[in-house]
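Below is one structure, written out as structure tokens; the observations come after it.
We did not get these values from a lab; they are worked out from the coordinates using the rules stated. Computed from a predicted model, the values in this text were never measured in an experiment. We place every Cβ from the backbone using ideal geometry, glycine too, and count neighbours over all the protein chains shown.
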Amino acid sequence: MALSALPAITSSRIEPEPRKGSTPAIVTSIKRASYPTRSLQFLRKLEGKSPGACSNVESVRNDRKLQLQVTVVGAGIGGLATSIALAREGHAVTVLEQASALAEVGAGIQIPPNSSKLLLKWGLGPLFEGKAVEPRGITFRRWETGNAIGYTRLIPDFRSSFEAPYYVIHRAHLHEALHETAVKLGVTVKLNSRVTEYNEMVPSIKMQDGAILKSDLIVAADGVKSAARKLILGKDNKDPIRTGFAVYRSTIDVQKMKDDPETATLLREPALNVWIGPQRHVMSYTIAAGKSFNLVLSHVDDTDPATWRPEDSLDNMRAQFEGWDPVLTKIIAMIDKTIKWPLLSGDPSIPSWISQSGKVIMLGDAAHAMVPYMSQGAAMAVEDGAALAAALSHVHTISDLPKALSVFDIVRRRRAGQMQEASLVNGKIWHFDDGPEQAARDEAMEPETKGLPISESPNQWTDPVTQAWAYGYSAEDDIHSSWNQFKSRLF
């Protein structure tokens, strides 16, 4: 990617030139994409057009580094992952969490190889034992019949191709593993610590009790409602916006499904199943070592969340999927509790994740909220932490800090922005009404169900180019190679 000259600002940011032909934050057309993929070729073939190509970069390590005092705001997945990555590099890290206890809302979460490789490297493997599930594959199913229309084999393909497994796990179990690992590495995690004010020039944080905490760097990992984002972006602040999608999240005791021969067939082996249809889809898989069945039921919804009534959620959810695959609707009937969530996506056009002083940054959902249709939201936050630690390994003196963060900023905005786009593209591919586009999609995915060689697919988990870009990516290597690419313009 070509880069413009360094602007004359304190943080020494590197700014990318706008990508010609890039898609907007909310995808309105899926006939092209800015990230490497061949998942849209089935549509472009209808117009007689050909896809683009992608390229890879080599990594170069730098072992010299300055140890910093870092304050991380937010003890969610992104904040704890960042604290682990930094603590492993010798930095002194304090994590501030406003809640009185650590708890993750939600149920299942996916850990694809681009993040599982990092988590295993950081020592979380033993903490996943008896909790994480490694599915054998992902079956995409027609909405009204449940017939397989696409398939991604995960075992052994993903381990052999990307040197790491594809896991699914309960969000709380991942959170517990991150917290335990962070504490073992010497990270200080402070609860009941609400931040009321930032001073980006010191930098420092003022707490609700009046205490002032100073450090070399402040990392805002405080989620979609980030208080630091306005400080960082100023007049350019753009909060995540509603995408017009909403999801119901639910879990079912696996034993309920085992008692019915039809639903029990989905439990023969660990697997993900995705029913896709007009304006809706359902993602399902087992978690908690196979004891719980997780469902995410997505649908198009432009209504105001303020009007949603929790007591109506079950009936509304069942009505959304009336007439779908009888096996699926039988499973949905077993759900006795659900939570409805609006889906938000950040605007990848925001100019920076770094404050003008170069001493406060944001990452995770604070910087790049995304719909879960590539199952990469948490993975991007883990990548952020690894990338930040890699960038700081190039800091020899405190004056180098803004330069390293500038590389982090350009690398991570590019990567996360493209993943936001890929996620929204799936929201289009999966939700076609029955018709020519749906038929072309299903025909293009059919070879997967027969085990035939694949050169392209609307299924982005299988599409070879998208797959390599999404799951074969190394956040650390991207930072190191980008540092070598940009450093001549930083000094």
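Can you tell me which lysines have their Cα less than 18 Å from the Cα of LYS403? Leave out same-chain residues fewer than eight positions away.
LYS65, LYS359, LYS487
Amide H of VAL189 versus every other amide H placed in the peptide plane: which residues, excluding those fewer than 5 positions away on the same chain, fall under 5 Å?
VAL95
Provide the packing ranking of 397-408, 425-436, i.e. peptides ordered by the mean count of other C-beta atoms within 10 Å per residue, highest first.
So the order, starting with the most tightly packed, is 397-408, 425-436.
Which value in nm describes the separation of the simple spin-label points at LEU102 and THR188, placed 7 Å from the Cα toward the beta carbon?
Reported label-point gap for LEU102 and THR188 is 1.7 nm.
Can you list residues whose amide H is under 5 Å from MET370's amide H, if they're 5+ apart or on another chain and H is modeled 1.01 Å from N?
Under 5 Å from the amide H of MET370: GLY346.
Give the angle, between 0 and 90 degrees and rounded to the nearest 10, that separates the Cα long axis of helix 436-449 from the longest principal axis of the Cα atoms of the chain.
90
Taking the Cα-to-Cβ direction at GLU144 and at MET334 and moving 7 Å from each Cα, how far apart do the two end points lie in nm?
The modelled label-to-label distance comes out at 2.6 nm.
Quick check on the exposure proxy: order LYS206, LYS235 from fewest to most C-beta atoms within 10 angstrom.
LYS235, LYS206
Taking the alpha-carbon centroid of each part, what is the distance from the range 221-266 to the range 123-153 in angstrom?
18
For the chain, what's the relative contact order in percent, using C-alpha pairs closer than 8 Å and at least 6 residues apart?
So the answer I get is 26 percent.
Between ARG309 and LYS256, what FRET efficiency comes out of the Förster formula 1/(1 + (r/R0)^6) with R0 = 25 Å and r the beta carbon distance, rounded to 0.05?
The calculated FRET efficiency here is 0.45.
Could you tell me which of the pairs LYS121/LYS184; LYS256/LYS428; LYS235/LYS428; LYS238/LYS340; LYS131/LYS256 are separated by over 26 angstrom between their Cα atoms in the structure shown?
Beyond 26 Å between Cα atoms: LYS256/LYS428; LYS235/LYS428.
I want the antiparallel fraction of DSSP beta bridges within the chain, as a percent rounded to 5.
Antiparallel bridges make up about 70 percent of those DSSP assigns within the chain.
Sort the following peptides by mean Cβ neighbour count (other Cβ atoms within 10 Å, averaged over residues), highest first: 183-190, 133-140.
133-140, 183-190
Each label point is 7 Å from the Cα along the Cα-to-Cβ direction; what then is the distance between the points at ARG268 and GLU322, in nm?
Result: 3.3 nm between the two label points.
Could you tell me the calculated FRET efficiency between GLU180 and GLN69, based on Cβ-Cβ distance and R0 = 22 angstrom, to the nearest 0.05?
0.45
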